[in-house]
Every structure is written in C-alpha cells, then in structure tokens.
Amino acid sequence: MTGQPAPTVSGIGLVPNGRYSIPDRDLALGVIREAVAEAGVELSAIDGLYMPSPRPWTPQGFFSTYLHRLLGLETRRSIEVATGGTSGGHAFHAAVEDVRSGAVEAALVLALERHSLIETTGPYFDYVAKLFDREFETPIGLTIPGVYAQSLRRYLFEHGIEREDVAEIVVKNRRNGRANPNALFDEAVTRREVLSSRPIADPIRLYECPAPCDGAAALVITDGPSDGATESPVSVAGIGTHHAASHLLMSPRHGTTELPAIGESARGAVVDANVGIDAIDVFEPYTPFPHIEAIFAEELGLVGRGEGVDACLDGTTAPDGAHPISPSGGCLGRGHPPMVTPLLNHVEAVKQLRGTASTQIDGAEYAMTTAEHGHVNGVTATVFMTEAPA
C-alpha cells in the first residue's frame, strides 16, 4: 500500500433503525447530507457513488442515477451491487479500492432498506423462496430461519452444548443494544424471556432472530484525512473477501457448523492491514443468529472449536472482555435492515475508533467488521484503524 492514497472515513450519517413513512429519497438524502457535512467536503467533490441495489419492492427504480440528479453529482464511478447481505460490504470495498487506486478522490457509500413496504407473508416469502435451489429446496418451503435452525441443531449436537446457553448471546447483545440510541430495542431481555418467546423454526425462537426494520446509512471515504472534517478521521487499513463453495446449506466441502468464508475473509483483511488478528480490539460482525456469533469467534481463532458459546458465558465477548463482539448490539440487539447492516457495522467501528461509541471499548485502535450472505456463504471483512497507514 506504500505510495497509494490512504482511504479514510471522513464522514458518517445514519438514521435510527425503525419504521419510516417518508419516501426513500428523503431517507437517503438525510444520511448523505449528514455524512458529507461531517466530512467537510462539498457535494461537488464527490466523484464516486456506491450502494447496494435497492430491493425489488423499492418504489423508485434506477436509484443511484436518480440520486445523481437530486444531488447534482457528476461521478467517475457509479456502482450498484446485488449480492444479498454482502451488498453493502462489496460496495464499500469497491469504493476503498477506487480511492486506493486514485480512480476517485471522494467516494460516497450509501445503503437504504424499507422492509416496512412489504408484507412478511406472501410477497416476501415469494422473494425468499427464489434464493434457494429451485429444483430441490424451494419446493419444500425452506426459509432463512429454517436454514439456521438446522445448523444450530447440528452445532449443539457436535459440541455437546446446552440449548439454553445459546440464549445468553441474545441477552448480551440486547443489553449492548439498549445503550445504543440508534438501535431498534430499548429494553434488555433475560434468558428465560428469550427461550419462552414465540417459536419460529425449531429450535430458534423469536428473540433469536434478527428483527427486520427500515434504516439508512452513508459514509464518505476520502483519499486521506479531509481538512474540513468535523470529527476524527478513521483509516480503512485492510479489506478481505471470500466465498465458499456453497449455497445456503448446500456445500460439497464442509459441514453446516463450519463457516470458512469468515476466517478466509478476515485473514485477507488483517494481511492487507499488516496486523494480526490479536491486534483487533473490537468486532462488529454481521451475525444474524446467536450460534453464528459463536462460530464467528471460532473461525477467527479467538476461541477453540465449540467454545464460542462459553466465550459469551464467561464474558470473553462482553464489552469488557478480551474479544468484545457487537458492543453496538449487532443484528440481534440493534435491529436488522439487511441492506444497511454492513454499513451500520462500519459506522460503529468508526465510532469506536473515534471514542464516541454508545458502549465504548477503552483504548480501541483497531476494529473489524464483516458482512455476509446466504448461510454465511460469502463474507466481506474490513479492518479500521485510528491512524492512516504510512
């Protein structure tokens, strides 16, 4: 990376997760203007726009080009990415790579989700059904929670884990999310409440599922610290990505409790950042179900195989533990607008390194985020640091 511009997050903007009745356009414009103002750059300086492709039910089509007219943008790069839950992660990485190469000098990364515009039953399930193998999986009525329920059962069996203990990961994340003013939930939950919540896909209960909601977030990436930035800039030190030879639960090479895309993408990101995984002070991963957070810790080598749940029980992954995971609340404690979640993870990493997070990790200098799609088949990983690399 010597001699290349240092991609720097100079500005962030977001709305609290929730339900919104205003047009998508207004949600987008609000977070964009917040991020641009914080970055201290003029809109006319933005020469790259990157975003996940809007959902099929988004009223306004061709959204990125629509924003060019509304904002008066003239860009060298304009990219919409459609890779499910990793869309925001890939859009962010594309922006980072373009800033590194000098193709753009100021990139705007945006994500928007309006889950409230579609009924959970009917049209939404029709949309989800198309994600599975249409010959073998779709006809039997698989759902996303149903897929994760299968891997949870296998995880419990393989490692002899008590089913009730998994609920503690939800308890931790809801407690963290309670302190986050931008989270969907403002109340903590107990283990008993998690386990007595409505069954969704046996053995997964309602509180163990990420709550879909509306949201929006934006980040401005510049080629080094912006002179006009109103907050401390944070460097994007390393990026990594990996896609396993799998599609949801279908894999010829590994079992349902192994998620190699996590480890491979994380290794790529820390190598790119020229640090070790032990240098990471805080993690903000895209882990939509509690056992996935446990496996996340295992795939990164933070704990041994089958020890991810114990890491929560003994406080290792708590905000004051050795490896804090999701101090913002994550998918389970913060709410989950899927297209926006990757950028929310990035925003939380930036806040940690600025020292302004809702649950602040003392002395944090490095933060790692991830995004995933499918049953964690594909993953993007990003390392942020407090100082730009030399």
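Identify the residue in region 37-50 that is surrounded by 21 or more Cβ atoms within 10 Å (Cβ to Cβ) and under 12 Å from L67 (Cβ atoms) and, among all such residues, is farthest from the chain's Cα centre (by Cα).
Result: I46.
Within the set of pairs 6+ apart or on separate chains, which have a first residue in region 23-35 that is more than 16 Å from H346 (Cα to Cα) and aliphatic (A, V, I, L, M), a second that is at pLDDT 95 or above and in a helix (DSSP H, G or I), and C-beta atoms under 9 Å apart?
Short answer, once both residue conditions are applied: A28/F63; A28/L67; A28/L70; L29/L67; L29/L70; L29/L71.
Do the conditions hold for S64, that is, is it open to solvent by less than 40 Å² (accessible area, probe 1.4 Å), hydroxyl-bearing (S, T, Y) and over 15 Å from H115 (Cα atoms)?
When the stated conditions are applied, S64 passes them.
From the list L131, L152, L73, pick out the single residue that is hydrophobic (A, V, I, L, M, F, W, C), more than 20 Å from the chain's Cα centre (by Cα) and surrounded by fewer than 23 Cβ atoms within 10 Å (Cβ to Cβ).
Going through L131, L152, L73 in turn, just one is hydrophobic (A, V, I, L, M, F, W, C), more than 20 Å from the chain's Cα centre (by Cα) and surrounded by fewer than 23 Cβ atoms within 10 Å (Cβ to Cβ): L73.
If a residue must be open to solvent by less than 20 Å² (accessible area, probe 1.4 Å) and either touching a Phe, Trp or Tyr at 6+ places or on another chain (Cβ under 8 Å) or in a strand (DSSP E or B) (or both), how many such residues does region 1-27 contain?
10
When region 232-272 is examined, which residues are found to be touching a Lys or Arg at 6+ places or on another chain (Cβ under 6 Å) and closer than 20 Å to L353 by Cβ?
Of everything in region 232-272, just one residue is touching a Lys or Arg at 6+ places or on another chain (Cβ under 6 Å) and closer than 20 Å to L353 by Cβ, namely S232.
Among the residues of region 312-340, count how many are closer than 15 Å to N176 by Cβ, in contact with a helix residue (DSSP H, G or I) (Cβ under 8 Å, 6 or more places away or on another chain) and not in a loop (DSSP other than H, G, I, E, B).
Within region 312-340, residues that are closer than 15 Å to N176 by Cβ, in contact with a helix residue (DSSP H, G or I) (Cβ under 8 Å, 6 or more places away or on another chain) and not in a loop (DSSP other than H, G, I, E, B) number 7.
Please determine whether any residue of region 286-298 is open to solvent by less than 10 Å² (accessible area, probe 1.4 Å), within 21 Å of I169 (Cβ to Cβ) and in a strand (DSSP E or B).
no
Restricted to region 299-311, and to residues that are part of a helix (DSSP H, G or I) and open to solvent by 10 Å² or more (accessible area, probe 1.4 Å), which residue is farthest from L344 (Cα to Cα)?
D310
Among the hydrophobic types (A, V, I, L, M, F, W, C), touching a residue at least 12 places away in the same chain (Cβ under 8 Å) and out of contact with any helix residue (DSSP H, G or I) (no Cβ under 6 Å at 6 or more places or on another chain): is that true of L152 in this structure?
Answer is no for this residue.
Only one of (1) surrounded by fewer than 17 Cβ atoms within 10 Å (Cβ to Cβ); (2) in contact with a Leu (Cβ under 7 Å, 6 or more places away or on another chain); (3) under 20 Å from L344 (Cα atoms) is not met by V170, so which one is it?
All conditions are met except number (1).
The values are calculated or read from the model by the stated rules, or taken from the named source; none is laboratory data. Small disclaimer: the values here were computed from a predicted structure and weren't measured. Don't worry about glycine lacking a Cβ; one is built from the backbone with ideal geometry, like all the others, and counts go over all protein chains shown. Quick note on the areas: whole protein, heavy atoms, side chains included, nothing else; ligands and nucleic acids left out. Shrake-Rupley method; radii C 1.70, N 1.55, O 1.52, S 1.80 Å.
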